[in-house]
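Q: Okay, here's the structure, questions in a sec.
Just so it is clear, none of the values below were taken in a lab; they were calculated from the coordinates. Values in this document were obtained by computation on a predicted structure and should not be read as measured data. Neighbour counts are summed over all protein chains in view; Cβ atoms, including those assigned to glycine, are modelled from backbone coordinates with ideal geometry.
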Amino acid sequence: MAKSEMARISLTDLKRNFQEVEPGLTGREAVEEANRCLYCYDAPCIQACPTGIDIPTFIKKIASGNLKGSATTIMSANPVGASCARVCPTEELCEGACVLNHSTKPIMIGDLQRHATNWAIQNEQVLFHKGASNGRTVAIIGSGPAGLSAARELALLGYKVTIFEASDKAGGLNTYGIVSFRLPQQISFWEVEQVKSLDVEILTNTTVGKDISAEELQNSYDFIVLAAGMAHVPNLGIEGEELDGVYDAIEFVKETKTKQLTNEFVGKNVVVIGAGNTAIDGATCSVRLGAENVKILYRRTQVEMSAYDFEYEFAKQDGVEFRWLTQPTKIIGDENGRVKAIECLKMELGEPNEDGRRRPAPVNGTEFMIPVDAVIKAIGQTRHQSLIDQFNLEQINGVVQISETYQTSDPNVYACGDVVFGKGKGEAMVVTAAQQGKNVAYAIHHQYEKNSVTA
Amino acid sequence: MADLSTNVAGIKSPNPFWLASAPPTNSGYQVQRAFEAGWGGAVWKTLGDPILNVTSRFAAVSFNGQRVAGFNNIELITDRPLEVNLKEIYETKKKFPNHAVVASLMVEPKQEKWHEIVKRVEEVGVDGLELNFGCPHGMAERGMGSASGQVPELVEKQTYWVKEAAQTPVIVKLTPNITDITSTAEAAVRGGADAVSMINTINSLAGVDLDSWNTIPHVGGKGAHGGYCGPAVKPIALNMVADCARHPNINVPISGIGGISDWKNAVEFMLMGASGVQVCTAAMHHGFRIVEDMIEGLNNYLDGKGIASLSEIIGAAVPKYSEWGNLDLNYKIVAKINNDVCINCNKCHIACEDTSHQCIDMLKDGSGNSYLEVREEDCVGCNLCSIVCPVDGAIDMIEIESEHPPMSWNERQAAFTSNQSYNPDPVK
C-alpha cells in the first residue's frame, strides 16, 4: 500500500476510516465561494438540478449571512437536500451546468449546499410547518428519499401521512446504503426528523405484507405511495455462493453503518464483483476495514462501467485495483466452508446489445484463480416482487409501471423512486427519487382537488 | 525608463507617490521605512497643539468579501510631542535629502499660532507645508480642520497668515465635506496657496453592529462620525480634482488624494490634473511594499505609451471633462453581445429588463441553444449590461453613426434662443 494511502487508512482505528472524507468549507471559505457566484438569471444550474433548487438564491443567502434562509431554500426544493449535497454527482448536474465552466471554474455548489444545511443541522433548525389539514390520509411504503420527499410535500399540503418502514430506522438508502464516509447517518436522521416535525408518522420495523397487509392499507388510506426501493443483490448463479465470506454489497455496507466495525477484514484479500457505484462502496469499505488488497472484477471495461467517474477516481486513490474483462466462474472454499479463492475467465467484448453496451463473451481456455478471503457481490439489486404482487400492480420484470403522473394501474396507488426505475431511464439518483416523491405528492393533490370539484 | 520625477509647486520627489498625512507617517521610523520601500515623499502626520486620542479608532467596509473597500477613522492629529516630531523630521530629511518631506499643520485659526508653527517646522528642513483644513472629526469640533476648511474666508485668511511666514511652498488640503470644493480651492488660491491637495476624508459612520447595536467603531459603547477614505471614495475625489483642474481661477498644482490604490488610479488622477498623488489606505491595508508595483506599473505604462516624462500626462484629460450641457446629444452607442464569448449568465438581460430599457431578449436558436440579443433600436446605450457582464469581451458598446451632426444641449438652446419664433424646450 502506498504511503499516501497509509495516511488515509488506519489499521488500528477503523472508526476513523469511516468518518466523512470531505472536510466541509469553513465559514470564510463558504462566503468567498458564495461571493464568486454570478447570481445568474434563469440559471442553468437550476435547470440541471432534478429537484430545481434555486441555487443562485441559496448561494446569495450564504453570502449575506442568511444561513437559515439558505437552508430553507435548499430543503424546500429538496427534502433530502443535506444528503444530496454529499452524494449528488454534481459535476454531471449543477456544477456541470455552471456558466463559469466557460470562463474560470465552476462554483462548488455541492459544498455550499452542504455548508448551509450543516448550519441548519448544527443549530437544530426546524424549517417547515405542516399545512392546514384537508382530512385526507396517505400511506407511504418506504422512508427512503422518494418516500420522505413525498411525505414532506403531502404534509405541507395538509395530508395526514403515515410511512411504513421495514427497517429499524427511517431514511432508506441514505441511512443504510450510502457509505458513512460520504454520508454520515446523522444527516439522514436530521432529514427524517424534518419530515416527522410535520406530524408525519413513521412506523419502523413494519413490513407491508407481513405486519400489515396491502389490503388493509388500501381500505384505511385515501392514497398509497409505493416507494419501497429495491431489494438485495441477486445471486451470481455460480458455484460456491453459499460459502462463508461471500457477501451482498448492500448488506455489507449496511453493516458498516449499523454495527460495531469488524476487524476481520484487516490484512485480507477481497474481491468485489461488479463495477457500479455499489461495487465501489463495497470496495472502499473493504479498504477502510483494513483489507490488504481489494480488487474489483468486471466482465466489461471501464467504458461500460456504471460507477461515476469521481467514484472510480476515489476507489483508485484508495488503492482499489480494477480487473476489467474478468468474469468470475466459481467460488472455491476450504474444508471449513470458507472462501479461499475465486476462479475467473477472461472476456472480450462483442457487438452491442439492446442497452447499447458491448456484450462480453468468454475467451476459452483463459481460466485463472485469485486467492481471496472475501467475495462481495455488487451486480445490481433485485425487486420487491411480492410487495408489488400484493398490490396487484402492473409491472415489467419487477419494475412498477406508472403513468406520467406516477399513477400505477391502481388509481389510488402511486409509485416513485427505485420501484419504478427501469433500464434506460436515466440514472437512479437520490436527487431523482426526491423529485419523483415531490411529483407524486403534487399528482395526488391534483387528483384530490379534481375529485373535490366534481363531488 | 520614463522620468517619474515630480514637482508639486517646487516640492520635488523622485516619483509621484507620497504617503498622505495619516497614521503611516506618524514617526520617523515609519517614514524612513517608507522611503526605503520607494515612496517618493511623505506628508508627516499633522502637527499641532497636544491632543488626546481614544482607542478603537478605525473601521472598514467590506464588500462581497473584499476587505477595506472603504475605510473610516476617528484618530486625531499626532499625539506625540512637537519636539519629538521635529527631531525625527530633521533626521529623516538628513537621511533622505532627495525625498519630499512635507509637514502637515493644524492650529487654531489665529495668526500668531500659524506663524509660530510654520517657523518651527521650517527650521528642521521640511520641503513644504500642508495646511490641514480637512479633518472632519474631533478637531473640527474645536474650530479646526474641516470646520475652518468649510468657510472660504477662513481658508483664505489662514492661508494668507501662513504665507506671511512661510519660506517653503504651501499646500492647502481641502475637505470634501462641502457643496462645491472649487469655492474653498479658490479661497486658498486667493490666500496665496502654492498648491491645493484633495480630498481629505468624508464624514462617515462605517456601520452598526447587528447584535450589540453599537456603532462601528465604538468607544465604550458610544460612537462619533469619522472620516471615510479608501477605494470607495476614489470617484468622488477624482471628480473634485478634475473640477478644480478645469476651473479658470484655480491655477495652482494639485496633489491628488482619495482611494488611490495602484498605479492605474495614480494615472487617472494625474490625467485629470494632479501633479502628484498621496496614498494612505492602500498602504494601511498592505504595507509600504505596494509602492514597488506602483512605480514599476507607472513606468511600464509610460514606456508602453512612448511617453518620456510623467509630467507630460498631467492634466492631459482635463479638456475632456466638462458640463453635461456640453455633451453631444447626437452621439449614439448600442450594446452588442458576442455570443461566442457570452457564457449565458443572463445578468445583462435581467438588469436591462428590470432596471433599464428592456432591450435584451433571451432567445433560442434552431437547435435549442440559448442566446441573448440586443434590440438595437430600443437600446439607449446606457452601459448597464456591459457593467454587469462578468466576462471580458462578451458585450461591446458600439458607436452608431449618427445622421445628425454633433449638437450639445447648450448649442441646441443657443440655436433656439436665436430663433425666437419657436420654443421647443420640452421641460418648460
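Q: Ignoring everything except DSSP H segments at least 4 long, calculate the 222 nm mean residue ellipticity for chain B; use -39,500 (n - 2.57) per segment, divide by total residues, nearest 500.
A: -9000 deg cm²/dmol
Q: Okay, moving on. What list of ³J(HN,Hα) couplings, whole Hz, do you get for segment B:342-355 from phi and the Karplus terms 6.51, -1.76, 1.60, once you set θ to phi - 60° and write x for glycine and proline?
A: Ordered by residue, 3J(HN,Hα) equals 4, 9, 6, 7, 6, 5, 5, 4, 6, 5, 5, 5, 7, 10 Hz.
Q: Next question. Round to a whole angstrom and tell me the spacing of the C-alpha centers of segment A:121-174 and segment B:241-315.
A: 65
Q: Using only the alpha carbons of segment B:270-344, determine the length spanned along each of the three principal axes and report them from longest to shortest in whole angstroms.
A: Extents along the principal axes, in whole Å: 44, 38, 29.
Q: With springs connecting C-alpha atoms under 10 Å apart, model chain B as a Gaussian network and identify which of B:T159, B:T355, B:T215 has the largest mean-square fluctuation.
A: The residue that fluctuates most here is B:T355.
Q: Quick one: which residues, 5+ away or cross-chain, put their amide H under 5 Å from the amide H of B:A274? H built at 1.01 Å from N.
A: Those qualifying (amide H under 5 Å, at least 5 residues apart or on another chain) are B:G315.
Q: Please give, to one decimal in nm, the separation of the simple spin-label points placed at A:E394 and A:S409, each 7 Å out from Cα toward the Cβ.
A: Here the answer is 0.7 nm between the modelled labels.
Q: Can you compute the modelled spin-label distance between B:D340 and A:E32, with each label point 7 Å from Cα toward Cβ, in nm?
A: 3.5
Q: Of chain B, which part is the longest with no chymotrypsin sites (Phe, Trp or Tyr not before Pro) in a loop (DSSP not H, G, I, E, B) and with at most 10 other C-beta atoms within 10 angstrom?
A: In chain B, the maximal stretch lacking such sites is B:1-212.
Q: Along each principal axis of its Cα atoms, how long is segment B:6-320 end to end? Whole angstroms, biggest number first, please.
A: 56, 50, 40
Q: Two decimals is fine: what is log10 I(q)/I(0) at q = 0.16, 0.20 Å⁻¹ for segment A:33-182, from a Debye sum with one equal scatterer on every Cα and no solvent?
A: Computed log10 I(q)/I(0) values: -0.91, -1.25.
Q: When the expected Rg is taken as 2.2 N^0.38 Å, what fraction or multiple of it is the alpha-carbon Rg of segment A:23-122?
A: 0.93
Q: Based on alpha-carbon positions alone, could you give the equivalent ellipsoid semi-axes of segment A:246-377 from the gyration tensor, as √(5λ), descending, whole Å?
A: Numbers: eigenvalues 123, 72, 27 Å².
Those come to 25, 19, 12 Å.
Q: A follow-up question, please. Cα atoms only: what Rg and Dmax, in Å, come out for segment A:185-284?
A: Gyration radius and largest Cα-Cα distance of segment A:185-284: 18.4, 55 Å.
Q: Find the centroid of the Cα atoms in segment A:46-118 and in segment B:341-364, then give the distance between the two in whole Å.
A: Using only Cα atoms, the two centres lie 23 Å from each other.
Q: From Cα pairs below 8 angstrom and at least 6 apart in sequence, can you work out the relative contact order of segment B:220-365, rounded to a whole percent?
A: The normalised contact order for segment B:220-365 reaches 19 percent.
Q: For labels at A:T12 and A:K68 in the simple 7 Å Cα→Cβ model, what's the distance in nm?
A: Each label point is offset 7 Å from its Cα along the Cβ direction, giving 4.6 nm.
Q: Follow-up question, since we're still on this one. What do you get for the angle between helix B:181-190 and the principal long axis of chain B? Use alpha-carbon atoms, 0 to 90 degrees, nearest ten.
A: 40
Q: Taking segment B:324-400 as the region of interest, what is the percent of Cα-Cα pairs per 10 angstrom bin, listed from the shortest bin to the one with the maximum distance?
A: 19, 51, 24, 5, 1
Q: Rank these for me by crowding, B:H99, B:H137, going from fewest to most other beta carbons within 10 Å.
A: Details: B:H99 23, B:H137 20.
By the 10 Å Cβ count, ascending: B:H137, B:H99.
Q: Write down Rg/Rh for segment B:46-85, rounded to two decimals, with Rg from the C-alpha atoms and Rh from the Kirkwood relation over Cα pairs.
A: Ratio value, two decimals: 1.18.
Q: Also, I was wondering about something else. Output ³J(HN,Hα) for segment B:128-136: one whole-Hz value per residue in order, computed from phi by the Karplus curve 6.51 cos²θ - 1.76 cosθ + 1.60 with θ = phi - 60°, and x for Gly and Pro.
A: Per-residue couplings from phi come out as x, 10, 10, 8, 7, 9, x, 4, x Hz.
Q: Near A:S403, within a Cβ-to-Cβ distance under 12 Å, what is the net charge of the other residues, with Lys and Arg +1 and Asp and Glu -1?
A: Details: positive: none; negative: A:E394, A:E404, A:D410.
Its environment carries a net charge of -3.
Q: In deg cm²/dmol, rounded to 500, what helix-only [θ] at 222 nm does chain A give when every DSSP H run of at least 4 residues adds -39500 (n - 2.57) and the total is split over its residues? Before the final figure, lay out the partial values.
A: Numbers: 17 runs with 165 residues, N = 455.
Using -39500 (n - 2.57) per qualifying helix, the result is -10500 deg cm²/dmol.
Q: What list of ³J(HN,Hα) values in whole Hz, one per residue of segment A:86-93 in order, does the Karplus curve 6.51 cos²θ - 1.76 cosθ + 1.60 (θ = phi - 60°) give from phi, with Gly and Pro shown as x?
A: So the J values, rounded to whole Hz, are 9, 10, 5, x, 4, 4, 8, 10.
Q: What whole-number distance in Å separates the alpha-carbon centres of segment A:307-343 and segment A:261-290?
A: 9
Q: Tell me, what is the FRET efficiency for B:R67 and B:S212 to the nearest 0.05, using R0 = 22 angstrom and their Cβ-Cβ distance as r?
A: The value I calculate is 0.55.
Q: For segment A:303-422, with only Lys/Arg (+1) and Asp/Glu (-1) charged at the beta-carbon, what is the dipole magnitude about the Cα centre, in debye rounded to 20?
A: In total the dipole reaches around 340 debye.
Q: What are the equivalent ellipsoid semi-axes of segment B:130-217, built from the alpha-carbon gyration tensor (square roots of five times its eigenvalues), in whole angstrom, biggest first? Mind showing how you got there, number by number?
A: Details: eigenvalues 182, 28, 21 Å².
Result for segment B:130-217: semi-axes of 30, 12, 10 Å.
Q: Residues with amide H under 5 Å of B:A100's amide H, sequence separation 5 or more or different chain, H placed in the peptide plane at 1.01 Å from N; which?
A: Under 5 Å from the amide H of B:A100: B:G41, B:A42.
Q: Which FRET efficiency, nearest 0.05, do A:K423 and A:N451 yield, Cβ-Cβ r, R0 45 Å?
A: Given R0 = 45 Å and the Cβ-Cβ separation, E is 0.85.
Q: Also: Relative contact order (percent) for segment B:6-320, with alpha-carbon contacts under 8 angstrom and 6 or more residues of separation?
A: Working: 730 pairs, mean separation 57.6, N = 315.
Worked out over segment B:6-320, it gives 18 percent.
Q: Work out the FRET efficiency for B:W409 and B:K163 from their Cβ-Cβ distance, taking R0 = 56 Å, and round it to the nearest 0.05.
A: According to the calculation, E is roughly 0.85.
Q: Mean 1/r over all different Cα pairs, inverted: what Kirkwood radius does chain A give, in Å?
A: 23.3
Q: Explain nothing, just the number: relative contact order of chain A, from Cα pairs under 8 Å at least 6 residues apart, as a whole percent. List each step's numbers first, then the result.
A: On the way: 941 pairs, mean separation 75.1, N = 455.
Relative contact order of chain A: 17 percent.
Q: Taking N as the number of residues in segment A:313-455, what is its Cα Rg relative to 2.2 N^0.38 Å?
A: 1.54
Q: Go from 0 up to the bin containing the longest alpha carbon distance in the protein assembly as shown, width 20 Å each, and give me the % of pairs per bin.
A: Percent of pairs per bin, in order: 12, 30, 26, 21, 10, 1.
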